[in-house]
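Since the structure comes first, as structure tokens, the remarks are kept for the end.
The values are calculated or read from the model by the stated rules, or taken from the named source; none is laboratory data. Everything quoted here is computed from the prediction, not taken from an experiment. Heads up, the Cβs are rebuilt from the backbone with ideal geometry, glycines too, and the neighbour counts pull from every protein chain shown. Side chains included, ligands, DNA and RNA excluded: accessible areas come from the protein's heavy atoms. Shrake-Rupley method; radii C 1.70, N 1.55, O 1.52, S 1.80 Å.
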Amino acid sequence: MLPIHSERYIRTKFEQSLGISPKLYGHIIRFQRTLGAIVRGGSTLTDVAMEGSYFDQSHFMKEFKSFSQLTPIQLRKYQKSPS
């Protein structure tokens with residue numbers, strides 16, 4: 001039988017192993033998925049935000065910019081500009 005541990009214990013072990021909180025880890029994974037969706041194209045930014053389970057576009061833009069230093073719109077413009 002597996003031992004039962006508290007949420008706090010599991011969170012502490014997670015942070016000790018990865019050096020970041022489970023919440024931040026979740027945000028990073030969500031950012032990576034949305035970044036991939038933007039780079040692949042084909043979806044509107046609204047669809048990307050909805051598929052990424054963001055509460056609204058404002059939260060999507062703010063979190064995206066915190067990780068990439070660009071808004072999703074700026075990234076799309078950068079992708080489309082000739083190199």
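Side notes on the structure shown:
- Gain in span if fully extended, Arg40 to Leu18, counting 0.36 nm per residue against the direct Cα distance: 5.0 nm
- Checking every one of the chymotrypsin sites (Phe, Trp or Tyr not before Pro) in segment 32-83 against DSSP loop status and a limit of 14 other Cβ atoms within 10 Å picks out Phe55.
- Placing unit charges on the Cβ atoms only, positive for Lys and Arg and negative for Asp and Glu, gives the chain a dipole magnitude near 200 debye about its Cα centre.
- Helical mean residue ellipticity (222 nm; -39500 (n - 2.57) per DSSP H run of 4+; nearest 500) of the chain: -22000 deg cm²/dmol
- Pairs of lysines in the chain (C-alpha under 24 Å apart; 8 or more residues apart or interchain): 7
- Placing a label point 7 Å from the Cα of Glu7 along the Cα-to-Cβ direction, the residues of segment 27-55 whose backbone N falls under 18 Å of that point are 27.
- Across the accessible surface of the chain, with the other protein chains kept in place and a 1.4 Å probe, carbon and sulfur atoms take up 58 percent.
- Whole-number accessible area per residue in Å² for the chain, which is evaluated in the context of all protein chains at 1.4 Å: 78 Å²
- Placed amide H near Ser43: partners under 5 Å, 5+ positions off or other chain: none
- Net charge contributed by nearby residues that have their C-beta within less than 14 Å of His27 (K/R +1, D/E -1): +4
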